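Data block below; observations after.
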Amino acid sequence: MTFRDLREYIDFMKRRGKLLEIEDEISPDLEIAELIRRACYANMPPVLLKRVKDYPGWKVIGNIFYSISAFKELFGTERLELVTEEFVKSFGRVPITFTEKFTSLPVALKLGRITPKSRGAEFKRADVGLNGVPAIKTWPKDAGRYMTFTLTFAKDPESGANRMGVYRIQVLNDKEALIHWQALKGGSHLASKYLESGEREMPIALVTGVDPITALVAASPVPPGLDKFLFAGILRGEGLEVKKLDNGVLVPSRAEVVMEGYVDLRDLRPEGPFGDHLGYYTPQQPYPTFKLESTYLREDPIFHVTSVGKPPLEDAWIGRATERLFLPFVRLIVPEVVDMYLPEYGLYTGVGIFSIKKQYPGHARKVMMGLWGSGQLSLLKLLIVVDADVNVHDINQVIYAITTTVDPKRDVMIVENGITDSLDHTVPNPPLGSKMGIDATRKLKEEIGKEWPEEVESDREVAKRVDALIQRYGSRFKVFP
């Protein structure tokens with residue numbers, strides 16, 4: 001379902017009785033974060049806080065992505081991969097790069113309906129600084145208040161393409177904040193381009209409070225070469241309505257809060273500590289400083305926040321939804337992939353399980369290399385490959401496959417000095433660390449020097465007779481249907 005903005009989504013959830021409205025005054029200092037974490041752990045619906053301590057006139061919403069059910073409601077389907085499957089089929093079956101495919105899309109597919117549309121803004125200029133918005137402190141030892149689900153919009157200095165992402169933003173004072181974009185993130189890549197061109201200042205906009213699908217796209221690591229504005233249009237079924245700011249950056253025209261300014265790429269200051277999605281505090285590191293120039297607000301603004309920590313919280317469910325939505329794109333790059341599972345407790349970049357249609361010796365390792373070379377999947381620390389008949393979402397089936405197909409010396413591959421999640425505290429020299437791949441597929445003769453043993457299987461006629469008996473007698477105990 002397409003929502004024009006955050007307010008339409010809130011009204012939709014309210015009509016369905018799936019909005020938790022809190023009338024009590026809640027403090028942005030730890031209380032809001034604690035409340036929305038508790039709500040997410042309990043699979044409660046989105047939380048709308050109507051009275052925020054020290055911020056009269058503001059509302060705060062959190063826990064929008066409260067479980068995988070939230071995404072099924074957003075897209076109106078039980079199988080999220082169907083949302084992108086038809087779109088990917090239009091590319092054909094040739095596994096070339098996304099960049100080459102999307103270059104020809106406007107002509108081949110006439111994408112007018114899902115490209116951004118210019119529209120007048122719903123927000124107006126306001127005399128409000130960074131201290132005037134209800135940014136939250138999420139954990140007791142955090143360095144300060146953070147904007148935790150604020151979208152960063154910027155423009156590529158080379159191509160002119162518009163970019164968006166979600167990075168935690170530490171508020172320093174009324175005019176300055178630190179933007180935590182890691183080395184592998186899109187914002188960091190753009191910053192490098194500005195520096196290479198001799199530019200110290202990178203125009204951006206910090207945007208809070210957009211429709212949930214746009215928020216999801218901004219927070220997701222879309223496949224390489226796929227423009228996020230276009231991908232948002234694909235998922236929404238229509239293009240984003242946008243407004244160009246004075247600094248040339250496009251932002252959603254119905255956003256709740258827009259803070260226009262620039263990042264001083266040479267002004268690096270210590271950011272953190274911050275309680276992150278691994279469930280640990282990340283230490284201080286230098287990050288660039290955002291300098292605020294103008295603020296725009298809608299009337300009675302709604303500020304969107306989240307809080308990360310030990311799973312499963314919103315970021316875990318965003319990871320699960322991304323896994324389903326991007327499965328068709330993964331198959332486009334690595335056609336052998338049948339299914340994939342990024343477990344919530346695997347922290348999205350920690351563990352990945354993939355099933356494949358194995359066809360030749362060494363096929364599983366070839367797939368591992370392909371996946372480790374693909375965008376965000378390159379960060380996976382543990383990658384397990386199983387046969388197509390193994391349900392990757394059933395961890396017991398995966399354990400059985402590992403137990404019955406893996407010889408550790410032969411089937412476990414350790415890769416040193418690979419790219420990892422820079423927030424992973426187990427890595428000795430982030431972002432470089434080791435990876436482990438496990439080939440849990442049945443082995444071919446060429447791989448082990450002998451025939452793989454035959455698996456046990458019931459006699460079909462006997463099984464049919466026993467099926468009838470089970471149906472007759474088992475139903476008495478309500479064990480069998």
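No lab work stands behind these numbers, since they all come straight from the coordinates. Note that this is a predicted model, so its numbers are computed, not measured. Note: ideal-geometry Cβ built from the backbone for every residue, glycine included; neighbour counts use all protein chains shown.
Each label was represented as a point 7 Å from its Cα along the Cα-to-Cβ direction; for Arg79 and Arg365 these points are 3.5 nm apart.
What value in Å³ per residue do you get for the convex hull of the alpha-carbon atoms in the range 29-90? If you can, show how the numbers build up before the last one.
Numbers: hull volume 7.1 nm³, N = 62.
Given the Cα convex hull of the range 29-90, per-residue volume reads 115 Å³.
Sequence-ordered 3J(HN,Hα) estimates for the range 30-45 from the Karplus curve with 6.51, -1.76 and 1.60 and θ = phi - 60° stand at 6, 5, 4, 4, 4, 5, 6, 5, 4, 5, 5, 4, 8, 6, 7, x Hz, glycine and proline given as x. Estimated purely from DSSP H runs of n ≥ 4, each contributing -39500 (n - 2.57), the mean residue ellipticity at 222 nm for the chain is -8000 deg cm²/dmol once divided by its residues. Computed 3J(HN,Hα) for the range 52-60, one whole-Hz value per residue from the Karplus formula 6.51 cos²θ - 1.76 cosθ + 1.60 where θ = phi - 60°, is 10, 4, 6, 10, x, x, 9, 10, 10, glycine and proline marked x. The modelled label-to-label distance between Asp459 and Val412, using points 7 Å beyond Cα along the C-beta direction, is 4.2 nm. Near Gln284: Cβ cut-off under 10 Å, other residues only, Lys/Arg at +1 and Asp/Glu at -1. The net charge is 0.
Hey, can you rank 396-402, 259-265, 407-413 by average C-beta count inside 10 Å, highest first?
Order by mean packing, descending: 259-265, 396-402, 407-413.
For the chain, relative contact order (Cα pairs under 8 Å, six or more residues apart, normalised by length) works out to 15 percent. Cα extents for the range 334-448 along the principal axes, largest to smallest and rounded to whole angstrom: 39, 27, 26. In this structure the amide hydrogen of Thr115, modeled in the peptide plane, comes within under 5 Å of the amide hydrogens of Gly239, none closer than 5 places in sequence on its chain. For Cα Rg over 2.2 N^0.38 Å, the value computed from the atomic coordinates appears in the list (i) 1.00; (ii) 1.06; (iii) 0.93 under label (ii). Eigen-decomposition of the gyration tensor built on the alpha-carbon atoms of the range 167-230 gives equivalent ellipsoid semi-axes of 21, 19, 10 angstrom, largest listed first. At full extension, Asn429 and Asp11 could sit 145.8 nm farther apart than now, given 0.36 nm per residue minus the alpha carbon distance.
In terms of distances greater than 21 angstrom between alpha carbons, the cross-link table entries Lys155/Lys291; Lys14/Lys59; Lys14/Lys228 yield Lys14/Lys228.
Each residue of the range 391-397 was assigned a 3J(HN,Hα) from its phi angle through the Karplus curve 6.51 cos²θ - 1.76 cosθ + 1.60 (θ = phi - 60°); the sequence is 7, 5, 8, 9, 4, 5, 5 Hz, with glycine and proline shown as x. Neighbour counts of other Cβ atoms within 10 Å put Thr2, Thr295 in the fewest-to-most order Thr2, Thr295.
Among the listed pairs Lys357/Lys435; Lys50/Lys137; Lys117/Lys175; Lys137/Lys175, which have their C-alpha atoms separated by more than 27 angstrom in this model?
Working: Lys357/Lys435 23 Å; Lys50/Lys137 18 Å; Lys117/Lys175 31 Å; Lys137/Lys175 18 Å.
Beyond 27 Å: Lys117/Lys175.
Here's how it looks for Ser27: its modeled amide H is under 5 Å from those of Ile32, Lys53, which are all 5 or more places away or on a different chain.
Report note on the peptides 7-19, 311-323, 50-62: ranked by the mean count of other C-beta atoms within 10 Å, highest first, their order is 311-323, 50-62, 7-19. The packing ranking, built from the mean of other Cβ atoms within 10 Å per residue, places the peptides 461-468, 239-246 in the order 239-246, 461-468, highest first.
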